[in-house]
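Worksheet: one structure, shown below.
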Amino acid sequence: MAEPVPIPKQELASKLVQEIAKKGDEIPEKYLHKNGFPEAIEAPDLWRNNLLIDFSLLSSSASELEKLRSALSEWGCFQVINHGIESSFLEELIEVSKQFFALPLEEKLKCSAADDIFQGYGNDMVYAGDQTVNWNDRLFLTLYPDDKRQLQFWPTKPDKFRGMIDEYSKKLATIVEAIYKAMARSLNLDEDCFLKHQGKRGPITGRFSLYPRCPCPESVLGVKPHSDGTTMTFLLPEKEVDGLQVLKDDCWYKVPDIPGALFVNFGDLGEVMTNGEFKSVMHRVVTNAAKDRISVAAFCTPADEKEIGAVSELVGIHQPQMYKRFNIHDFRRMFFESYAQGRRTIDALKL
Ligand code: OGA
Ligand code: NI
């Protein structure tokens, strides 16, 4: 299996989408989906009802728990409101992320990692072959636990950025824990069942993405269709700039902007952990010609030393184990190769 290789620093500048977009030349072939891609539909009622979870009700309301269970079983995603993080804080986090990407190239390159594809400023590596490439640049940072942070890649500008990332990480870690517990309760399991599987120190990695405006949105994707290599992902999208879409039953749905909400989706490791009970949702990001778009994704994965597999409570005579057991290191290698080639890792893990 090919190992992912980071892009050498000296080559990075010419590969950054922001730099390509700035030049305004024709878009290089490798970004073009020549046959286009299917349109998405809007379903505002769905996102305001079945797929909208009120975090503040999860500890007291059986019907809210049932809504959570059904959203994750049928869709693998939802939006969450009343999670305790102020909208003004979330808007400011998007704003400082935007300011980071607006810094001069040399300043941003200080945050790039020479030999780690999971840290720092840059964009996703390309495997040998002719895959279509995503139209985005990103800053990857381990956010949690604190002692796994690699601060040498954390921006020092804008001034507020580090402090805000720190605060966001702490707030998120609390929400993540509460959601794992609610998920377990929604399936009538011991509330620590998923937390134990993740380990208290299950890392959270932040991905701050910039999707520059694109002159050719009908054939360029910000992110190709994929499912995440996570247990669960929290996404903060920029308001009023569409982009994220999810797939269900062969139909793409636009994810609408809901004030103050975070978008939460299940990933492949979550589907494996729940033995297929909760779904890892396919999603993609489209581009637009009018506006740059920023998003902040937080990827939750199990602690490194954990073996990954279905929790025993969800395996039985009526629910045979659906996926292999594996360790996170093997998974990561498989994931990034499949991701680049537009395949789903979870399909290769089926028993
Ligand atoms: C991802 C992703 C969505 C977005 O980074 O895995 O799906 O809106 N991002 O940035
Ligand atoms: Ni994703």
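The values are calculated or read from the model by the stated rules, or taken from the named source; none is laboratory data. Computed from a predicted model, the values in this text were never measured in an experiment. In this analysis, Cβ positions are derived from the backbone assuming ideal geometry, glycine residues included, and neighbour counts consider all displayed protein chains. Ligands, DNA and RNA are excluded from the accessible area calculation, which covers all protein heavy atoms including side chains. Shrake-Rupley method; radii C 1.70, N 1.55, O 1.52, S 1.80 Å.
Cross-link reach is defined here as a Cα-Cα straight distance under 19 Å, omitting same-chain residues fewer than 8 places apart; for K200 the lysines meeting it are K148, K170, K171, K181, K306. Relative to the longest principal axis of the C-alpha atoms of the chain, give the angle of the C-alpha long axis of helix 87-101, reported between 0 and 90° and rounded to the nearest 10°. It works out to around 30 degrees. Relative to its residue count, the stretch 129-187 spans a Cα convex hull of 178 Å³ per residue. Taken one residue at a time, the phi angles of the stretch 291-299 give Karplus couplings (6.51, -1.76, 1.60, θ = phi - 60°) of 9, 5, 10, 10, 9, 10, 9, 10, 9 Hz. Gly and Pro are set to x. Within the listed set D192, D330, D228, the Gaussian network model of the chain (springs between alpha-carbon atoms below 10 Å) gives the highest mean-square fluctuation for D330. Charge dipole of the stretch 9-349 (Cα centre as origin; +1 on each Lys and Arg Cβ, -1 on each Asp and Glu Cβ, all else neutral): 440 debye, rounded to the nearest 20.
Amide H to amide H, with H built 1.01 Å from N, K248 comes under 5 Å of Y253, counting only residues 5 or more places away or on other chains.
For a distance above 19 Å, tell me the whole-number percent of Cα pairs in the stretch 30-163 that qualify.
69
Counting only protein heavy atoms and a probe of 1.4 Å, the accessible surface of the stretch 136-261 is 51% carbon and sulfur.
Between G76, G222, G24, the residue with the greatest mean-square fluctuation in the GNM of the chain (Cα pairs under 10 Å linked by springs) is G24. Label reach from T174 (point 7 Å along Cα→C-beta): in the stretch 84-110, amide nitrogens under 11 Å belong to 84-86. In this rough spin-label picture, where each label sits 7 Å from Cα along the Cβ direction, the D159-H329 distance is 4.4 nm. If one takes the longest principal axis of the Cα atoms in the chain, at what angle in degrees, from 0 to 90 and to the nearest 10, does the Cα axis of helix 62-74 lie? For 62-74 against the chain, the angle is about 60 degrees.
Note down the Stokes-Einstein diffusion coefficient of the chain in µm²/s, whole number, using a Kirkwood radius over alpha carbon pairs, 4 °C, and 1.567 mPa s.
63
Averaging the Cα positions of each part gives two centres, and for the stretch 154-177 and the stretch 193-207 these lie 17 Å apart. Relative to the longest principal axis of the Cα atoms of the chain, helix 161-186 runs at roughly 30 degrees. Calculated accessible area for the stretch 9-349 comes out at 43 Å² per residue, all protein chains present (probe 1.4 Å; ligands, DNA, RNA ignored). When the surface is traced with a 1.4 Å probe over the full set of protein chains, I81 keeps roughly 40 Å² accessible.
A Förster radius of 30 Å combined with the Cβ-Cβ distance from D347 to D257 puts the calculated FRET efficiency at roughly 0.40. Global dimensions of the stretch 237-351 from alpha-carbon coordinates: Rg and Dmax equal 16.4, 54 Å.
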